[in-house]
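The values are calculated or read from the model by the stated rules, or taken from the named source; none is laboratory data. Just so it is clear, the model here is predicted, and its values are computed rather than measured. Here Cβ is always computed from backbone atoms with ideal geometry, including for glycine, and neighbour counts include all displayed protein chains. Just so you know, the surface numbers come from the protein's heavy atoms only, side chains and all, with ligands and any DNA or RNA stripped out. Shrake-Rupley method; radii C 1.70, N 1.55, O 1.52, S 1.80 Å.
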Amino acid sequence: FYSEWSEYSLVGCKERLLEQLQPTKPPGKKETLESMLASFILSQRGMATRMAEVFGGSEQDQAAMAMRIADVVARFPEVELEAYATIAIRRYHPELACAALQEEHTCDFKPML
């Protein structure tokens with residue numbers, strides 16, 4: 001996401017995130033949602049970006065980053081964010097997720113988004 005937009009790149013990034021959220025084995029005891037996300041973000045950055053972060057950034061860089069974040073948020077529809085959040089909650093915090101398999105039921109868990 002540190003170059004010009006490409007729908008193909010965006011779809012690829014979303015696919016890789018989904019693969020991280022739904023791997024074939026359960027999370028390890030030390031793996032948390034936060035650690036998985038940090039690892040995922042780091043894996044998406046190029047060497048030039050990592051070096052720029054090490055040597056600091058200017059206010060102009062911060063403004064550009066804020067614009068980029070707003071652009072990324074605009075490309076994730078709310079329903080898609082809900083789906084990713086649901087998958088993450090079921091994997092990393094199953095105690096906070098509804099276990100019912102029925103579509104219509106009375107539930108103590110309320111939507112958060």
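Of all residue pairs spaced 6 or more apart or on separate chains, those with beta-carbon atoms under 9 Å, a first member in the range 21-45 that is touching a residue at least 12 places away in the same chain (Cβ under 8 Å) and a second member that is part of a loop (DSSP other than H, G, I, E, B) and exposed (fewer than 13 other Cβ atoms within 10 Å of the Cβ) are LEU33/HIS93; GLN44/TYR2; ARG45/TYR2.
Scanning the range 76-105 for residues that are modelled with pLDDT under 80 and acidic (Asp, Glu) yields GLU103, GLU104. Selection over the range 66-79 of residues that are part of a helix (DSSP H, G or I) and in contact (Cβ under 8 Å) with a residue 12 or more places away in the chain gives a count of 4.
Among the conditions (1) part of a helix (DSSP H, G or I); (2) at pLDDT 80 or above, GLN60 misses just one, which is (2).
GLU34 falls short on exactly one of the conditions (1) at pLDDT 80 or above; (2) open to solvent by 100 Å² or more (accessible area, probe 1.4 Å); (3) more than 12 Å from the chain's Cα centre (by Cα), and that condition is (3).
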